[in-house]
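Data first, discussion second: the structure below is written as structure tokens.
The values are calculated or read from the model by the stated rules, or taken from the named source; none is laboratory data. These numbers were taken from a predicted model, which means no experiment stands behind them. Note: ideal-geometry Cβ built from the backbone for every residue, glycine included; neighbour counts use all protein chains shown.
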Amino acid sequence: MSSDCCQTLTLPKPLVEFANKPMILHQVESLAAAGVTDIVLAVNYRPEIMASALKKVRQPSKLVVSLDSATNVLQYEKEYNINIEFSIETEPLGTAGPLKLAEKTLGKDDSPFFVLNSDVICDYPFQELADFHKAHGEEGTIVVTKVEEPSKYGVIVHKPDHPSRIDRFVEKPVEFVGNRINAGLYILNPSVLDRIELRPTSIEQETFPAIVKDGQLHSFDLEGFWMDVGQPKDFLSGTCLYLSSLTKKGSKKLEPPSKPYVYGGNVLVDPSAKIGKNCRIGPNVTIGPNVVVGDGVRLQRCVLLAGSRVKDHAWIKSTIVGWNSSIGKWARLENVSVLGDDVTIGDEIYVNGGSILPHKSIKANIDCKYNIARCVDLTNII
């Protein structure tokens, strides 16, 4: 999530739980399933926090992630038979510079490597992408996804005589030139590293145009759902898409419709959570570890992170409830409200949008009609 989201004030965004699992673990699992053995985590935002949160302890060949929140201890390396390295930038290097910084690992042989934005959630098609990249035999492949309003994005335009070879990029086109955009997933040959200098540089604005000029960049169409969940509203939308994908797959991770509190489906509940009587939950709700939901609570299109508590008869919609936060009786939260860690909402309080910083108590109504982040009146905070 972006710096506008309160959760990133407590944890680096790769560790924020998405559907009850740290976002980075969704990607790690998919990479490991595709046969990837080495993963480099490029850290540029508040690296000291990331370094302290991700403590690499060899016992041997084990990665232990220690968090102060209720997130479980994760043993990525042992469980997935992979090696994880941390590439910490002393200054932000953009989206291409970190690749050069990790050149020793990425360029150790002729094998292509994947590049992922940590904000992207989808059905990661790594094996299919690798096969496609190998088949065309050129320098790089960008995963693309179709959007309904391409004028809001940078659009990828293909060569007229080739369905996948990229001809150019058009930023926020006024006239329709295509509807495929960069999905934030790539596979690149190590030769791309020779195009990058060890300085702040953009892979989208500098590296890719250079590869396109040489006719060496292709696109791969992504099937299924996709969302960049870097903003709170997109985090909620991405959660809906992800839960819907689980439903389509018949996943047993979701609560069965026969549960008395499930309403509308797409409900994911950690086994340690406790649900009260006469609740109506769904559609599109995730409830994290050790969450306590009181009696008569209504939840829809929301995320309750670990350790949070919702008291009797509260009503929550389109909201992210931070770790260890408490929602009072008969309280109502909606319209992309975001609570940081350890926030207390009083009984019968109405919160309509906005973000509340960690460790705050709210004792008066908050109505951010235009959903301006952090628009909370400080007189209402203790």
Conditions (1) at pLDDT 95 or above; (2) within 23 Å of Asp119 (Cα to Cα); (3) surrounded by 20 or more Cβ atoms within 10 Å (Cβ to Cβ); number of the one not met by Gly230: (1)
Residues that are surrounded by 13 or more Cβ atoms within 10 Å (Cβ to Cβ) and either touching a Lys or Arg at 6+ places or on another chain (Cβ under 8 Å) or among the hydrophobic types (A, V, I, L, M, F, W, C) (or both), drawn from the range 126-135: Phe126, Leu129, Ala130, Phe132
Residue count, the range 333-351 (criterion: more than 24 Å from the chain's Cα centre (by Cα) and of a type outside the set (Asp, Glu)): 6
Count of the range 17-42 residues which are β-branched (Val, Ile, Thr) and in contact with a Ser or Thr (Cβ under 7 Å, 6 or more places away or on another chain): 2
Members of the range 224-236 found to be within 11 Å of the chain's Cα centre (by Cα), part of a helix (DSSP H, G or I) and closer than 24 Å to Arg180 by Cβ, listed by number: Asp234, Phe235
Residues satisfying the stated conditions in the range 127-151, i.e. under 24 Å from the mean Cα position of the chain (by Cα), at pLDDT 95 or above, among the hydrophobic types (A, V, I, L, M, F, W, C) and within 19 Å of Arg180 (Cα to Cα): Leu129, Ile142, Val143, Val144
Residue within the range 256-270 that is touching a residue at least 60 places away in the same chain (Cβ under 8 Å), closer than 20 Å to His26 by Cβ, surrounded by 15 or more Cβ atoms within 10 Å (Cβ to Cβ) and among the polar types (S, T, N, Q) present: no
Any hit, the range 214-225, residues being closer than 24 Å to Lys108 by Cβ, of a type in the set (Phe, Trp, Tyr) and either in contact with a Leu (Cβ under 9 Å, 6 or more places away or on another chain) or not assigned by TED's automatic domain parsing to the domain that holds Pro98 (or both): no
Thr286 vs. criteria touching a helix residue (DSSP H, G or I) at 6+ places or on another chain (Cβ under 8 Å) and either surrounded by fewer than 20 Cβ atoms within 10 Å (Cβ to Cβ) or not aliphatic (A, V, I, L, M) (or both): yes
Criterion: at pLDDT below 95, out of contact with any Leu (no Cβ under 9 Å at 6 or more places or on another chain), surrounded by 17 or more Cβ atoms within 10 Å (Cβ to Cβ) and within 25 Å of Leu243 (Cα to Cα) - qualifying residue of Gly354, Gly294: Gly354
Single unsatisfied condition, Thr247 versus (1) touching a residue at least 40 places away in the same chain (Cβ under 8 Å); (2) surrounded by fewer than 19 Cβ atoms within 10 Å (Cβ to Cβ): (1)
Selection count where residues are within 21 Å of the chain's Cα centre (by Cα) and under 16 Å from Gly354 (Cα atoms), scope the range 302-324: 8
Test: residue in the range 240-252 that is of a type in the set (S, T, N, Q) and modelled with pLDDT under 95: no
Residues of the range 209-265 satisfying the condition of being farther than 27 Å from Ser164 by Cα and acidic (Asp, Glu): Asp234, Glu255
Condition broken by Cys279, with the remaining ones in (1) surrounded by fewer than 24 Cβ atoms within 10 Å (Cβ to Cβ); (2) hydrophobic (A, V, I, L, M, F, W, C); (3) closer than 27 Å to Val120 by Cβ satisfied: (3)
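Could you grab me the full set of residues in the range 16-73 that are part of a loop (DSSP other than H, G, I, E, B), at pLDDT below 50 and of a type outside the set (A, V, I, L, M)?
Lys56, Arg58, Gln59, Pro60, Ser61, Lys62, Ser66, Asp68, Ser69, Thr71, Asn72 - these are the residues of the range 16-73 that are part of a loop (DSSP other than H, G, I, E, B), at pLDDT below 50 and of a type outside the set (A, V, I, L, M).
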